[in-house]
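Peer 1: The following block contains the structure, expressed as structure tokens.
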Amino acid sequence: MPDCERLAQDIGSAREKLHIVEQSGRQAAGIVKDLLTMSDPGMYEKKTVDLNRTVQSVLAAPDIAEMIRQRPDLRVETALLPSPAWISGSEPHLARALVNLLCNAIHAMDARKNRDASTEMRLTLRTSAAKVDQPIVGYEVIQPGAYVVLEVTDTGTGIEPPVMEKIFDPFFTTRSRGAQHGIGLGLPIVRRVVKDHGGFVDVRSTVNQGATFRLYLAAAGAPAVADRPRTAVHGETHILAVDDEAGARHVAEFLLQRLGFKVTPAKNGHEALKFFEDAKAQGVEKPCDVMMLDMVMEEGFDGLTTFEHIVKLYPAQKVIVASGYAPNGRAKVILDRGAGWLEKPCGIPELSAAIRKQLDKN
Ligand SMILES: Nc1ncnc2c1ncn2[C@@H]1O[C@H](COP(=O)(O)OP(=O)(O)OP(=O)(O)O)[C@@H](O)[C@H]1O
Ligand SMILES: [Mg+2]
């Protein structure tokens, strides 16, 4: 019997457990999504996917970005292959698997933190290439082949050996109580997705130190240039992204690149100003098409101060003010001079619309 059918049967026989979902509309929606992930072969359109991009877009997705933002102690580190990590697969399913791993990692770190407030919360996402010549006995036996490995490491509670045996069983959960109770579908879905990508799962864990989940996904060659994910659709439109928060800057940079823009990041107002001063010194007429400007930056050199210096050099510079706060006070001064507005955190549609609007202005 195909795994998918077996899983459907498991779900059928354990249907009574689903009464839990009634307690939370949001969770119910998530489960429906999970079930669809497993049972809708039509969604499984395989393309050449750059796994590095999947990692970056999952981190930038509003739900995940919010989960990270709510935990100021949580450090998120990425160590991605320098070149694209090509695999043949379905991006929504891979993203779903990664989201499930990230949620588990964050829950495990929350649980450990609840016991000992001094523990460090560190989440590491890594992509790497692996050529396996001899079978590796991991959680599963990893067969010889060329893989892209997606690794998620946390500093959470870790997994006790008897629990380890069951973690991929549908409806197995140790989070049976409290506000963050689980259903036990996260990891079965991960395994399902990995299997459908010709892959294997490995898990390592030390109790009270954390866990590492490694997904071995069959590597693919680079796609023909015409089939590559969209780049440069906007030609050489150049955006200067000014934000003093590294995470926000990286997300902006990633999203803008994904939209096909050329991006120059600036880590504060001084760096942005230097960019324009250098351009002026070289006689450049238009250093960038649009400047995306964070409002709240260092004391004495915030968004408005930066703006005022720059418009002295380039009075026609198009600007989008990006802020997590309401558009009043100092931001309003810039907006009144024709700048666009973008509320942070934002997704690709809002970002794209805000830039389009500025570019379309005379
Ligand atoms: N990173 C991790 N650290 C520690 N334990 C983990 C980790 N990931 C999974 N587990 C264990 O595996 C169990 C099953 O995980 P799974 O994602 O399938 O279900 P869940 O997280 O309990 O519920 P949900 O359906 O909401 O994902 C968890 O309840 C937990 O005991
Ligand atoms: Mg889970």
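Peer 1: Being closer than 27 Å to Met121 by Cα and touching a residue at least 24 places away in the same chain (Cβ under 8 Å) is the filter here; which residues of region 74-84 pass it? Before the answer, list the steps.
Peer 2: Here is the first cut: in region 74-84, the residues closer than 27 Å to Met121 by Cα are 74-82.
Passing the criteria: Leu74, Arg75, Val76, Glu77, Thr78, Ala79, Leu80, Leu81.
Peer 1: Does any residue of region 265-284 turn out to be within 23 Å of the chain's Cα centre (by Cα), closer than 30 Å to Ser88 by Cα and modelled with pLDDT under 95?
Peer 2: Looking only at region 265-284, we keep the residues that are within 23 Å of the chain's Cα centre (by Cα), and these are 265-267.
Now restrict to residues that are closer than 30 Å to Ser88 by Cα: none.
There is no residue in region 265-284 that is within 23 Å of the chain's Cα centre (by Cα), closer than 30 Å to Ser88 by Cα and modelled with pLDDT under 95.
Peer 1: Among residues belonging to region 88-126 that are small (Gly, Ala, Ser) and within 16 Å of ligand 2 (Cβ to nearest atom), point out the one that is nearest to Val201 (Cα to Cα). Give the steps one after another, and end with the answer.
Peer 2: Here is the first cut: in region 88-126, the ones small (Gly, Ala, Ser) are 88-90, 95, 97, 105, 108, 111, 117-118.
Now narrow it down to the ones that are within 16 Å of ligand 2 (Cβ to nearest atom): 95, 97, 105, 108, 111.
Values: Ala95: 16, Ala97: 12, Ala105: 16, Ala108: 19, Ala111: 24 Å.
Top of the filtered list is Ala97.
Peer 1: If you check Ser176, Ser205, which single one turns out to be more than 6 Å from ligand 1 (Cβ to nearest atom), among the small types (Gly, Ala, Ser), in the same structural domain as Ala130 (by TED's automatic domain parsing) and free of Cβ contacts under 8 Å to residues at least 24 places away in the same chain? Write out each step before concluding.
Peer 2: Values: Ser205 fails: free of Cβ contacts under 8 Å to residues at least 24 places away in the same chain.
Residue meeting the stated conditions: Ser176.
Peer 1: OK, next. Is it the case that region 248-255 has a residue that's of a type in the set (Gly, Ala, Ser) and more than 22 Å from Ala65 (Cα to Cα)?
Peer 2: Within region 248-255, not a single residue is of a type in the set (Gly, Ala, Ser) and more than 22 Å from Ala65 (Cα to Cα).
Peer 1: So, Ala129, is that one over 17 Å from the mean Cα position of the chain (by Cα), more than 16 Å from ligand 2 (Cβ to nearest atom) and in the same structural domain as Lys195 (by TED's automatic domain parsing) or not? Steps first, answer last, please.
Peer 2: Values: over 17 Å from the mean Cα position of the chain (by Cα): yes; more than 16 Å from ligand 2 (Cβ to nearest atom): yes; in the same structural domain as Lys195 (by TED's automatic domain parsing): yes.
So Ala129 passes the test.
Peer 1: I've got another one for you. Report, by residue number, each residue of region 70-93 that is closer than 16 Å to Ala129 by Cα and surrounded by fewer than 16 Cβ atoms within 10 Å (Cβ to Cβ).
Peer 2: Result: Thr78, Ala79, Pro82, Ser83.
Peer 1: Within region 184-212, restricting attention to residues that are of a type in the set (D, E, K, R) and within 16 Å of ligand 2 (Cβ to nearest atom), which residue is farthest from Arg115 (Cα to Cα)?
Peer 2: If we filter region 184-212 for residues that are of a type in the set (D, E, K, R), which is where we start, we get 191-192, 195-196, 202, 204.
After this cut, where a residue has to be within 16 Å of ligand 2 (Cβ to nearest atom) as well, the list is 191-192.
Values: Arg191: 30, Arg192: 33 Å.
If we take residues in region 184-212 being of a type in the set (D, E, K, R) and within 16 Å of ligand 2 (Cβ to nearest atom), then Arg192 is farthest from Arg115 (Cα to Cα).
Peer 1: Right, another one. Answer yes or no: is there a residue in region 133-145 that is part of a helix (DSSP H, G or I), surrounded by fewer than 17 Cβ atoms within 10 Å (Cβ to Cβ), away from ligand 2 (no atom under 12 Å from the Cβ) and in contact (Cβ under 8 Å) with a residue 40 or more places away in the chain.
Peer 2: Our first condition is that a residue be part of a helix (DSSP H, G or I); within region 133-145, this holds for none.
No: zero hits.
Peer 1: A follow-up question, please. Looking at (1) closer than 18 Å to Ala211 by Cα; (2) away from ligand 2 (no atom under 16 Å from the Cβ), which one does Thr173 not meet, given that it meets all the others?
Peer 2: (2)
Peer 1: Report the residue count in region 180-193 for those that are away from ligand 1 (no atom under 12 Å from the Cβ) and surrounded by fewer than 22 Cβ atoms within 10 Å (Cβ to Cβ). First the steps, then the outcome.
Peer 2: First pass over region 180-193, keeping only residues away from ligand 1 (no atom under 12 Å from the Cβ): 193.
Still in the running and surrounded by fewer than 22 Cβ atoms within 10 Å (Cβ to Cβ): none.
Number of matching residues: 0.
Peer 1: Name the residue, out of Gly182, Gly198, Gly221, that is in contact with a helix residue (DSSP H, G or I) (Cβ under 9 Å, 6 or more places away or on another chain) and not in a helix (DSSP H, G or I). Quick ask: steps written out before the conclusion?
Peer 2: Values: Gly198 fails: in contact with a helix residue (DSSP H, G or I) (Cβ under 9 Å, 6 or more places away or on another chain); Gly221 fails: in contact with a helix residue (DSSP H, G or I) (Cβ under 9 Å, 6 or more places away or on another chain).
When all the criteria are applied, what remains is Gly182.
Peer 1: Mind counting the residues in region 146-170 that are crowded, with 16+ Cβ neighbours inside 10 Å and part of a loop (DSSP other than H, G, I, E, B)?
Peer 2: Selection size over region 146-170: 8.
Matching residues to (1) within 30 Å of Val58 (Cα to Cα); (2) among the aliphatic types (A, V, I, L, M); (3) surrounded by fewer than 19 Cβ atoms within 10 Å (Cβ to Cβ):
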| site | (1), (2), (3) |
| --- | --- |
| Leu255 | yes, yes, no |
| Phe261 | yes, no, no |
| Ala279 | no, yes, yes |
| Gln282 | no, no, yes |
| Pro287 | no, no, no |
| Val290 | yes, yes, no |
| Gly300 | no, no, yes |
| Thr306 | no, no, no |
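Peer 1: Return only the number of the condition from (1) without any contact (Cβ under 8 Å) to a residue 60 or more places away in the chain; (2) surrounded by 15 or more Cβ atoms within 10 Å (Cβ to Cβ) that Gly329 does not satisfy.
Peer 2: Failed condition: (2).
The values are calculated or read from the model by the stated rules, or taken from the named source; none is laboratory data. These numbers were taken from a predicted model, which means no experiment stands behind them. All Cβ positions, even for glycine, are placed from backbone atoms using ideal geometry, and neighbour counts span all protein chains on display.
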